[in-house]
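Q: Below is a structure I'd like to ask you about.
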Amino acid sequence: MNNQSNLLLNDKSDTSELSSKKANLKLEVKAISGILLQAKESLKIVEYLVKGNLELDVYNRGGNDFWRFTTEIYSDHVLLKLNILFTPKEHFSIAGLVKNLKTDGLFSGLIDISIIEQWEQQITKLRSTFKKIKIHRNKRIAHQDRKISKIAKVSFSFIELNTIVLLVQDVVQNIYSEVFESSYRFETIGSPVESLEVIMNVLDKERRAELAPLFEECRKNGLNDELPLSERM
């Protein structure tokens with residue numbers, strides 16, 4: 001009877017430990033997802049500002065401080081959030097999470113080791129990009145370094161930044177699927193960039209209407225080259 005009681009107690013203890021482990025993992029993954037969502041949506045805004053709808057050129061993107069100022073702010077935000085996700089000492093980093101999913105980690109036994117190894121390989125391939133992000137964050141965003149010549153040369157492509165976003169998405173979605181038997185969607189309804197597109201379309205129409213007489217004068221006087229590209233029809 002005593003042996004049977006001990007077995008029941010052990011089963012309950014194991015179940016309780018597993019439930020606690022899953023609950024803590026869910027909290028961590030939720031926090032990481034929030035950080036990623038900010039990075040992802042900010043990156044969409046940067047892409048729109050840099051190479052979005054070229055017909056909205058009456059604002060003279062090349063010489064308008066709004067585009068430069070806003071692009072720089074959102075670019076910095078993207079790099080700050082991605083730096084959090086790949087700095088192991090941060091409380092909510094994907095690097096720390098993957099480590100804790102391994103054997104002897106806080107969340108060991110919840111994800112197949114072969115999947116974890118695949119994530120580690122992908123993280124290793126992106127190591128040079130993470131290093132650039134860290135340098136940019138430390139020397140130019142979080143602190144203003146006097147020697148900025150080398151930092152100014154650090155650049156990032158949308159492809160490599162989106163690759164990082166997709167990697168974190170894959171980790172989060174796999175965890176939700178394998179551990180919690182549910183799904184996690186990163187697509188938002190009415191995302192910030194969609195709102196920005198609506199605003200810019202409205203402003204463009206208003207500005208174009210205001211400048212219509214000037215555009216017409218340019219056409220009459222053979223000054224077509226002075227017109228925005230979208231008006232040179």
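Q: Output the peptides 40-51, 204-215, 131-142 sorted from most to least packed, where packing is the average of other Cβ atoms within 10 Å over each peptide's residues.
A: Working: 40-51: 19.3, 204-215: 12.9, 131-142: 16.2.
Those peptides, ordered most packed to least, come out 40-51, 131-142, 204-215.
Q: So what are region 80-224's ellipsoid semi-axes, whole angstrom, largest first, if each one is the square root of 5 times an eigenvalue of the alpha-carbon gyration tensor? Intermediate results must be reported in sequence, preceding the final value.
A: On the way: eigenvalues 387, 109, 32 Å².
The three semi-axes for region 80-224 are 44, 23, 13 Å.
Q: With a 1.4 Å probe and all protein chains left in place, how much accessible area per residue does region 158-233 have, in Å²?
A: 65 Å²
Q: Too long at a 29 Å Cα-Cα cut-off: which of Lys30/Lys102; Lys44/Lys102; Lys134/Lys205; Lys22/Lys131? Write out the running numbers ahead of the final one.
A: Values: Lys30/Lys102 19 Å; Lys44/Lys102 33 Å; Lys134/Lys205 41 Å; Lys22/Lys131 32 Å.
Pairs exceeding 29 Å: Lys44/Lys102; Lys134/Lys205; Lys22/Lys131.
Q: Mind checking the per residue accessible area of region 73-123 for me, 1.4 Å probe, whole number of Å²?
A: On a per-residue basis, region 73-123 sits at 52 Å².
The values are calculated or read from the model by the stated rules, or taken from the named source; none is laboratory data. Since we're looking at a predicted model, the values are computed, not measured. Cβ coordinates were reconstructed from backbone atoms using ideal geometry, including for glycine residues, and neighbour counts include every protein chain displayed. Each accessible area value is taken on the protein alone, full model and side chains, heavy atoms only, with ligands, DNA and RNA left out. Shrake-Rupley method; radii C 1.70, N 1.55, O 1.52, S 1.80 Å.
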